[in-house]
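First the structure, in the form of structure tokens, and then the observations on it.
The values are calculated or read from the model by the stated rules, or taken from the named source; none is laboratory data. Model, not experiment: these values are computed from the prediction. Neighbour counts run over all protein chains shown; Cβ positions are idealised from the backbone, glycine included.
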């Protein structure tokens, strides 16, 4: 089959001879991929920032597909079902899954206890091949995948596997109260979605911060929020303090993670020399911009080692930090209702549709932010027929 | 095993201020108390291990399922095996894995060549897209690269030449 093949930092190719996946466990299914996305967090792998990202693996944790084979224990799915597959691999029976922490499953990742299994996200997240391929093995297929309702657009469905739930959970973890000022750092797909979802919780003012004008313009339109370029602000924290009457935002959301720009020290130590687990500039700003007793919600992805952040300010300001991988399965029913009611329209963020065979160019475009790229969908040849 | 309140009868006031409403993980976590089972829950069937799978030393064994992509091999595999002797909280674990990743890139190129495939690094890096959407930037990069290489080669040549002359004298 054709599959994306990682060859090293900044190097990927479409491999035409990757063996088809097979059933390896009675609760597996094999899915023929119909849509897969490149996630902003895939760029952390692509840029070589996530330890144990091995040459030859296939990325991709956001995908939809048709079930073509099921394991002997599968009861809820049948061949021919068209499913959306949450990025978390969850067993459904460990104490974490039973408490709806589907992003923290204890039975899907032998390589690290700090993170559950994730499709196509390095061996640190379980060593599973991902969905940027024609076929993919889906473990615990009775737990995660959901048959796509007939009235749901396929493009919306694929964005429900990660981007929408992650953005929504970012706002949810903010504990937003009616009238709150919410600041979202990062106008990538997740940040844009977090800004949009903040209104659903009753925010009174939503501000998004980034450095790319085209994304800020899109965010302003899509999420009906205020948008500011930190390159034009001499001090983003001071700006946010002034614009909140020197009080601080009620809620700050870090939707950037380990590749934040804006601080030379963080960039050198976090992105260039890997002395810390990525550049924590956005988190630094979030902690310093939030009010005393405020909430910082983190959905940006960081590596496993450690980061330079002002933890003393967290203590002295009495900040509550809330963070997690999105629990996709928990949120799906609610998010589908929001889409049906027209409150969310995720597919508007898709800017690029690229044949899977051109995956090298697709990664480069997304990484370099060329052609006003916001969200890229890869389409395998069998799904184009 | 979870203890009962009477087991704490020797502690004056045990549990008197417990507040079930004080649950900062809501609504992300639906608290059930299952955490107190620790690892004694009924596990799903075990996936057979047909390739080498490394596992964190912070857990007793493999998980019920795991990915079988790219098992450890070669020099990078040796380093990865060493990395997994450290716990996840240890820098030795992660830095060893990053070193293994970098070595693995060269192993990948060697493997390509051994299989008769010459990797098209220009295409793999997506430079076709750079030329299409950022032609000016791409040309600037190439020109800068050529200039830097030329200057470096010139300097190296000069240094080597002087050294040779010194030797003759």
Checklist line | Positions within the stretch A:113-132 being in a loop (DSSP other than H, G, I, E, B), touching a residue at least 60 places away in the same chain (Cβ under 8 Å) and crowded, with 24+ Cβ neighbours inside 10 Å, in sequence order | finding: A:116, A:120, A:121, A:122, A:127, A:129, A:130, A:131, A:132
Notebook entry, point to check: All but one of (1) touching a strand residue (DSSP E or B) at 6+ places or on another chain (Cβ under 7 Å); (2) not in a helix (DSSP H, G or I) hold for residue A:100; which doesn't?
Noted result: (1)
Checklist line | residue A:187, sole failed condition from (1) within 29 Å of residue A:348 (Cβ to Cβ); (2) part of a helix (DSSP H, G or I) | finding: (2)
Notebook entry, point to check: If you take the residues of the stretch B:87-102 that are surrounded by fewer than 21 Cβ atoms within 10 Å (Cβ to Cβ) and more than 7 Å from chain A (Cβ to nearest Cβ), which of them is nearest to residue A:139 (Cα to Cα)?
Noted result: B:87
Check: Which residues, taken from the stretch A:146-170, are within 14 Å of chain B (Cβ to nearest Cβ) and either touching a strand residue (DSSP E or B) at 6+ places or on another chain (Cβ under 7 Å) or over 25 Å from residue A:244 (Cβ atoms) (or both)?
Finding: A:165, A:166, A:170
Notebook entry, point to check: Of all residues in the stretch A:199-221, which are surrounded by 19 or more Cβ atoms within 10 Å (Cβ to Cβ) and either in a helix (DSSP H, G or I) or not assigned by TED's automatic domain parsing to the domain that holds residue A:177 (or both)?
Noted result: A:215, A:216, A:218, A:219
Margin query: I'm trying to understand the selection: among the residues of the stretch A:352-375, which are within 18 Å of residue A:216 (Cα to Cα) and away from chain B (no Cβ under 11 Å)?
Written below: A:374, A:375
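To keep it simple, each residue is scored yes or no on (1) buried (at least 21 other Cβ atoms within 10 Å of the Cβ); (2) in contact with a helix residue (DSSP H, G or I) (Cβ under 9 Å, 6 or more places away or on another chain).
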| site | (1), (2) |
| --- | --- |
| B:59 | no, no |
| B:66 | yes, no |
| B:73 | no, yes |
| B:85 | no, yes |
| B:104 | yes, yes |
| B:107 | no, yes |
Check: With respect to residue A:276, is the statement that it is within 14 Å of chain B (Cβ to nearest Cβ) and in contact with a helix residue (DSSP H, G or I) (Cβ under 7 Å, 6 or more places away or on another chain) true?
Finding: yes
Item checked: Residues that are assigned to a loop (DSSP other than H, G, I, E, B) and within 10 Å of residue A:132 (Cα to Cα), drawn from the stretch A:1-43 -> A:2
